[in-house]
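Data block below; observations after.
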Amino acid sequence: MLEQVLRQLFIKSFMTLYGQEPPVQQVNFQKTRPEFEGDMTIVVFPFVKLAGRNPEQLANEMGAEMIKESDMIAKFTVVKGFLNLLISDRFWMDFFKANHENRAFGRKPVEGKAVVVEYSSPNTNKPLHLGHIRNNLLGWSVSEIMKANGKNVVRVNLVNDRGIHICKSMLAWQKWGNGCTPESTGKKGDHLIGDFYVLFDKKYKEEVKSLLPENYAALSEKEQEEAKAKAEADAPLMQEAREMLRKWEANDPEVRHLWETMNQWVYDGFDVTYNRLGVAFEKIYYESHTYLLGKELVQEGLEKGVLYRRDDNSVWCDLRDEGLDEKLLLRRDGTSVYMTQDLGTAQLRVKEYDPEKLIYVVGNEQIYHFDVLKRVLVRLGREWGNDIEHLSYGMVELPNGKMKSREGTVVDADDLMDEMVATAKGVSEELGKAKDLSPEEADKLYHTIGLGALKYFILKVDPKKTMLFNPEESIDFNGNTGPFVQYTHARICSVLRKAEEQGIKLESEMKISDLQPKEKEIIVMMYGWPMVLNQAAENRSPAMVANFIFDLAKEFNQFYQECNILKEADADRRMFRLQVCDMVAALLRNASELLGIGMPERM
């Protein structure tokens, strides 16, 4: 990359002039500020003492020596202690010539040990919602970005298919389902089960309310809390759900059969949503298969004295000496908690893949959970616990507040995708974007625009930030949106089609000898793609890729407005500009693929 080449040139020139090697870690270049002439700038203050020169002397001497050493430097200017370097046209043209037909530009071959990335992790008691969409898109995109950087990524999903929350849906279906199925109701299986989860919560709250003392309103705040906790524990529905969980763990055939049937309804529904969203996994784990492995680790911890059992039979890990608290690993009735199965799942993945890293894409409310998971594993003698990375992300909020799945107020993933496609259709028809397309082509375009808008809007936000999702804003064809980038790609494809219609065939050879300002600016931006891709992988941030394609689309539109392409009289420059169009389109596709966004050729 440019910075590396310049660093080597700077060090060589410095040693030639002053006979000493400057500290490599201090030789860092940055983009020259727009008010000054140049492409890259280095601050020379850190090297003044070593060179025995004042800042301006040092910068001038170094600039002159670097020009003498390499023809990649066309000119330099000095502003106080800042050395601004103008890179020669020849350097940029050589780069372009070597890469403009490279459809994998910036990507590295996959090699090395596995990196396991877990995302999605749904519960089988409800359909996927807007929060799951951010999780899935983030996990899938980070996986693709890391693969593009040469990492051997294994994408996995852990389905939370057991536990008290699953039993709530099962119990509600038993009591009030009247034998209904997805086929008999015409509902996706995950939606049907979600309805029963909401119904259980409604009935349970009614029971709790009926068990509160008559003088509840007159009680103190503490007495109210105690009374409510007792009512919740005594509610028959909750007791039945707990009994169902105990039967499940005891392999009761009737409970297990119902569980398998209802879970399959949910899996079928999930598959439809995953396919539509465009995400996939190399392997799916199920908590029902891994929680027993976790129990084995807990038993091992008890035998080693790392864990301890309380008088009520529950099992805990005491982390107070590390500044944390005590963590429950087995309930008093012997049933497991999330931490139990996470221990088992991690152990299983290490056995299967021997990965260099285990990455968990989970919301930031679970930061403490993963801190504890790593520490418990290390205490159990699994040093690879230190290789666990929690890729946390902020919640997705809506204009009307947060989502609550128990109350049925979530934004359903399927409904949201329907809304995005419908909005894309309405906006596209209003702007005449699909007027020349057949109905089938138009429907495909609406889906590409709608899903592209959704993915771009979510992924352009830094993962760690809480975000507000606005469907209407995301579908705008102007501004920092997916449709703006897609329209730019379609515009380029239109230019290339017109060139072909005029009998102009793209050539590999470059015949120009200089670059005009807008030509250079767009080539410089494309040159930076491998560095952006590398930083996106290191920071686990698809937002960096999203911001790059937006900036590239903006840069192309300025190039398109200021430079004649098909109307350019000079045939050699016209060919060069068409080659630029071709590389920009390819790079937009290359980068947007990492976000799961399609680039239409016509709009």
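The numbers here are math on the coordinates, done by the rules we state, and not lab data. None of the values given here were measured: they were computed from a predicted structure. So basically every Cβ, Gly included, is an ideal-geometry build from the backbone, and we count neighbours across all protein chains shown.
Efficiency by 1/(1 + (r/R0)^6): what FRET value for residue 395 and residue 284, r their Cβ-Cβ distance, R0 = 25 Å, to the nearest 0.05?
Details: r = 25 Å, r/R0 = 0.99.
That pair, residue 395 with residue 284, gives E of 0.50.
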Under 5 Å between amide H atoms, partner at least 5 residues away or on a different chain: which partners does residue 357 have, H built in plane at 1.01 Å? 116
Any lysines whose Cα falls less than 24 Å from that of residue 228, other than same-chain ones fewer than 8 residues away, would be 168, 202, 203, 205, 209, 404
Tell me the relative contact order for the chain as a rounded percent, counting alpha carbon contacts under 8 Å between residues six or more apart. 14 percent
Report, to the nearest 10°, how far helix 89-99 tilts away from the longest principal axis of the Cα atoms in the chain, using its own Cα long axis and a range of 0 to 90°. 50 degrees
Hey, what did segment 2-87 get for relative contact order, percent, Cα under 8 Å, at least 6 apart? 30 percent
Segment 410-484 and segment 1-71: distance between their alpha carbon centers, rounded to Å: 47 Å
As a check on your grasp of the helix formula, calculate [θ] at 222 nm for the chain: sum -39500 (n - 2.57) over DSSP H runs of n ≥ 4, divide by the residue count, round to the nearest 500. -18000 deg cm²/dmol
So the FRET efficiency between residue 589 and residue 367, C-beta based with R0 = 35 Å and rounded to 0.05, is 0.45
Find the centroid of the Cα atoms in segment 165-186 and in segment 560-581, then give the distance between the two in whole Å. 64 Å
Residue-wise HN-Hα coupling along segment 453-464, computed from phi with Karplus coefficients 6.51, -1.76, 1.60 (Hz; x: Gly, Pro): 5, 4, 5, 5, 4, 6, 7, 6, 8, 3, x, 6
List the residues, sorted by chain then number, that are 5 or more residues from residue 87 or on another chain and whose placed amide H is less than 5 Å from its amide H. 39, 40, 74
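DSSP loop GluC sites (Glu not before Pro) in segment 271-334 with at most 16 other Cβ atoms within 10 Å of their Cβ, which ones?
Working: sites: 282, 287, 296, 300, 303, 322, 326; in loops: 282.
Counting only loop positions with at most 16 other Cβ atoms within 10 Å, the GluC sites (Glu not before Pro) in segment 271-334 are 282.
Here are some pairs, 283/455; 518/554; 151/374; which of them have Cα atoms lying more than 18 Å apart in this structure? Numbers along the way, then the final one.
Numbers: 283/455 23 Å; 518/554 12 Å; 151/374 23 Å.
Where the Cα-Cα span goes over 18 Å, the pairs concerned are 283/455; 151/374.
So for 436, 387, fewest C-beta neighbours within 10 Å to most, what's the order?
Numbers: 436 10, 387 18.
With the fewest neighbours first, 436, 387 line up as 436, 387.
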Taking only Cα atoms, what is the 0 to 90° angle, nearest 10, from helix 482-501's long axis to the longest principal axis of the chain? 50 degrees
State the Cα centre-to-centre distance between segment 309-351 and segment 82-135 in whole Å. 37 Å
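Among the trypsin sites (Lys or Arg not before Pro) within segment 472-551, which fall in a DSSP loop and have no more than 16 other Cβ atoms within 10 Å of their own Cβ?
Details: sites: 491, 497, 498, 505, 511, 518, 520, 540; in loops: 505, 511, 540.
Listed in order of number, the matching sites are 505, 511.
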Would you mind checking the tilt of helix 287-304 against the longest principal axis of the Cα atoms of the chain, expressed as 0 to 90 degrees and rounded to 10? 80 degrees
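Starting from segment 91-135, pick out the GluC sites (Glu not before Pro) whose DSSP state is loop and whose Cβ has at most 14 other Cβ atoms within 10 Å. Kindly include the intermediate steps, with their values, before the conclusion.
Numbers: sites: 101, 111, 118; in loops: 101.
Of the GluC sites (Glu not before Pro), the ones in loops of segment 91-135 whose Cβ has at most 14 other Cβ atoms within 10 Å are 101.
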Hey, can you grab everything whose amide H is under 5 Å from the amide H of residue 397? Only 5+ residues off in sequence or another chain; H modelled, so Pro and N-termini drop out. 467, 468, 469
